[in-house]
Amino acid sequence: MRTICFGAGYFGLNYIRELAGNLVAVVETDPYRAEIVKQTYNVPVYPELPPHLNFDAAIVATPPDTHISIAKGLLAAGHYVLIEKPFATSMEEALQLHKWRQRCMAGMLYLYHPEVERLKRIVKDVPLNHAYSRRTNDGPIRPWQNALWDLAAHDVSIFNYVLGHTPHAMEVIGTRDWAVLRMLYVAVDTVSYVSWNGGPKMRQIELVPQESGDRIIFDDIKTVLEVTPMRLMLNAFLSGDWDGRCSYDAGMEVVSVIDRLNEAGHEAY
């Protein structure tokens with residue numbers, strides 16, 4: 001699959017690195033970032049998509065408020081598209097891609113993490129009392145997006161995947177920098193704390209069994225992998241073997257939850 005990447009920012013560079021031989025071009029408007037890509041990866045970089053560029057698939061890793069407008073044009077032209085998280089900034093936006101959903105993948109890379117797969121296997125046999133997560137940074141606060149949309153989307157996608165369904169009730173408190181969200185799944189109560197400036201950096205999920213015993217912990221900071229989850233996700237995307245976990249519908253489920261939480265906490269945000 002001849003692939004292009006829109007965006008060479010912090011996360012875009014990760015995609016560019018992992019795409020390796022599949023990458024044929026990058027679209028980036030910032031001259032400084034464009035030069036980094038040219039010097040490091042030796043691929044052509046354009047400020048906008050050339051009209052006759054030959055490619056099959058695209059990664060959209062631009063600022064979130066541009067995801068849908070870029071993806072629509074690519075999907076309408078017949079390309080396969082992977083959209084970095086957050087898939088969209090509202091349900092209204094995400095629904096614009098519905099008619100192309102079979103060629104649209106949501107970039108929720110944690111769903112290809114071996115430790116998340118382990119949690120999903122354990123949950124099949126171990127009844128849970130509750131679960132919680134903590135996702136913090138030691139700054140800076142993102143000026144273009146609140147912590148709920150940018151950080152909590154990861155935990156929502158993980159809980160949806162591990163527990164096998166979406167929450168039936170939820171509540172949130174917070175500000176632009178931090179949020180505490182409670183989501184009620186069938187027989188499982190989850191609580192998440194996310195913050196851009198609530199450091200030190202932490203990426204942790206803990207499942208608490210109903211019966212006493214060891215808690216089940218996924219600590220992403222301490223996990224060392226030979227193959228990155230992004231690489232595994234890209235392999236699935238480029239081969240067409242998505243198995244549903246990062247499908248358009250799965251992305252929509254996460255957007256739906258975050259959209260409702262954001263609306264519920266609109267006074268705080």
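Structure above, values below:
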| read-out | value |
| --- | --- |
| Listed values [x] 119; [y] 145; [z] 130, entry calculated as volume of the Cα convex hull per residue in Å³ | [z] |
| Share of carbon and sulfur in the accessible heavy-atom surface of region 74-224 [1.4 Å probe, %] | 52 percent |
| Cα centroid separation - region 29-43 against region 121-145, whole Å | 34 Å |
| Alpha carbon centroid spacing (whole Å) that separates region 55-118 from region 200-241 | 21 Å |
| DSSP-defined beta bridges in region 35-112 - what % are antiparallel, rounded to 5 | 0 percent |
| DSSP bridge pairs, the chain: antiparallel proportion in percent, nearest 5 | 50 percent |
| Neighbourhood charge, 11 Å Cβ-Cβ cut-off, centred on residue 252 and excluding it, Lys, Arg +1 and Asp, Glu -1 | -3 |
| Low-density loop cleavage sites - GluC sites (Glu not before Pro) in region 44-130, where at most 13 other Cβ are within 10 Å (DSSP) | 48 |
| J(HN,Hα) series, region 18-26, from Karplus relation 6.51 cos²θ - 1.76 cosθ + 1.60, nearest Hz, glycine and proline x | 6, 5, 6, x, 7, 7, 10, 5, 10 |
| Selected from 186, 1, 225, residue furthest toward positive end of dipole (the chain; charges at beta carbon) | 1 |
| Probe 1.4 Å, protein heavy atoms only - accessible area per residue of region 57-127 in square angstrom | 42 Å² |
| Debye-sum result for region 71-145 in log10 I(q)/I(0), which assumes one identical scatterer on each alpha carbon, at q = 0.13, 0.21 Å⁻¹ | -0.66, -1.01 |
| Size of charge dipole - region 154-269 - debye, nearest 20, with Cβ of Lys, Arg +1 and Asp, Glu -1, no other charges | 280 debye |
| Protection proxy ranking, peptides 176-185, 135-144, 199-208, average beta carbon neighbours within 10 Å, highest first | 176-185, 199-208, 135-144 |
| Amide H contacts under 5 Å for residue 128, placed H, 5+ residues apart | 210 |
| Per-residue ³J(HN,Hα) for region 108-121, Karplus 6.51 cos²θ - 1.76 cosθ + 1.60, θ = phi - 60°, Hz, x for Gly and Pro | 10, 5, 4, 6, 10, 7, x, 6, 5, 4, 4, 4, 4, 5 |
| Amide H within-cut-off set for residue 27, under 5 Å, with H built and near neighbours excluded | 5, 6, 7, 46 |
| Mean Cβ neighbour count within 10 Å, used as a protection proxy, ranking 221-229, 247-255 highest first | 247-255, 221-229 |
| Percent carbon-and-sulfur accessible area, region 1-63, ignoring ligands, DNA and RNA, probe 1.4 Å | 53 percent |
| Backbone HN-Hα couplings from phi across region 186-196 [Karplus 6.51/-1.76/1.60, Hz, Gly and Pro as x] | 4, 6, 9, 9, 10, 10, 10, 10, 10, 7, 6 |
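The values are calculated or read from the model by the stated rules, or taken from the named source; none is laboratory data. This one's a predicted model, so the numbers in the text were calculated from it and none came from an experiment. Note that each Cβ is placed from the backbone with ideal geometry, even for glycine, and that neighbours are counted across all protein chains shown. Calculation scope for accessible area: heavy atoms of the full protein, side chains included, ligands and nucleic acids excluded. Shrake-Rupley method; radii C 1.70, N 1.55, O 1.52, S 1.80 Å.
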